[in-house]
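Okay, so here's the structure we're looking at.
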Amino acid sequence: MTLWLLLLQFGLCGLVIGRAGFVLSRSADRIAQATGLTGGWVGLALLATVTSLPELASGISAVTVVAAPNLAVGNALGACVFNLLFLAVVDALQRRQPMYAAASTAHLLSAGFGVVMLGFVAMSLLMAGGAPTAFNLGFYTPALLALYLLALRSVFAHERALQPAGAGATLPLADPSLRAEWRRFGLAAVAVLAAGSWLPGLASQLAATMGWSRSFVGTVFMALVTTLPEMAVTLSALRLGALDMAIGNLLGSNLFNVTILAIDDLFYRHRPLLADAAPVHAGTAVAGVMMTGLVMIGLVMRPQGRVLRVTSWVSIGLVAAYGLNAALVFLAAG
């Protein structure tokens, strides 16, 4: 297959995922208003799970159909750092006041869980074959699944505690308009899942055509395309004035993306997934830890100034960390 045909198919996947992501964000916002859930929780749990379906579909397809663990791991971790990079775009688009000055501190909890989970993955990658295993699964698989469920429960309880007394659902669950939104949400999710399943084969062919490693293609190209739903949802949420939903979507997607590594491990039948992944992915996990740490610093310090009247120094750090990681993955792959 020629390079241009591969790029055309990548672009088609991107269009499908981007359009479906917009529908998801609009429906999720209406569901949040109808049910009384907070924007941060809807972004973290509902939107983040669905917008990460391309990473899930691509990861499972990569380990079962293409037998390419580096594509699966690179895609999941690359999507994490790309989501954090996109927070710099969100910051730049907040013209009235800096993003960190307006965001809820409740995001610190989901960011903290993200640091723990990414640290777990980095440690597992560095231990490689020396990590404990059971039934061809790494010890990190049950740990990541448990941490994700604990994160959802903890953030939900925390945001419930912060809600004003008397806040709750405004429409009955059986209301026709609410059911229609759930149908639209479900159809868009199916479109995202179908396009995501198409990507691993394209990425594998692109790596072979260009002579690049699967680690680099997964970390950069697949991660870019599969995070289009997060970008579409985030931009749509910003247009609706739902900043916390936008941030919750990106941070929640990272929690789910790391959990995808555990799900991929369940489908990878050879041995633990991270034991067959290249060590360079540990650098991407560490970059994710660093970038999440910068976000947490921003949420605590709430910087008011802007560098060159464009964005905060936290966002400058996010861009620099992402660029450094992409360069290191490319050099290591070469």
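The values are calculated or read from the model by the stated rules, or taken from the named source; none is laboratory data. Quantities reported herein were computed from a predicted structural model and do not represent experimental measurements. Here the Cβ positions follow ideal geometry from the backbone for every residue, glycine too, while neighbour counts run over all protein chains shown.
General observations
- Selection status of residue 99, surrounded by 22 or more Cβ atoms within 10 Å (Cβ to Cβ) and touching a strand residue (DSSP E or B) at 6+ places or on another chain (Cβ under 9 Å): yes
- Counted residues, the range 271-287 - those being closer than 12 Å to residue 329 by Cα and either free of Cβ contacts under 8 Å to residues at least 12 places away in the same chain or in a loop (DSSP other than H, G, I, E, B) (or both): 2
- Flag for residue 138 being buried (at least 22 other Cβ atoms within 10 Å of the Cβ) and either over 19 Å from the mean Cα position of the chain (by Cα) or of a type in the set (A, V, I, L, M) (or both): yes
- Any hit, the range 245-257, residues being surrounded by fewer than 24 Cβ atoms within 10 Å (Cβ to Cβ) and more than 16 Å from residue 329 (Cβ to Cβ): no
- Assessment of the range 68-87 against the conditions (under 26 Å from residue 272 (Cα atoms), of a type in the set (A, V, I, L, M), modelled with pLDDT of 80 or more and not in a helix (DSSP H, G or I)) yields at least one matching residue.
- Matching residues in the range 269-298 - criterion: being modelled with pLDDT of 90 or more and not small (Gly, Ala, Ser): 281, 284, 286, 289, 290, 291, 292, 294, 295, 296, 297
- When 59, 11, 18 are checked against the criterion of being small (Gly, Ala, Ser) and either part of a loop (DSSP other than H, G, I, E, B) or at pLDDT below 75 (or both), a single residue qualifies: 18.
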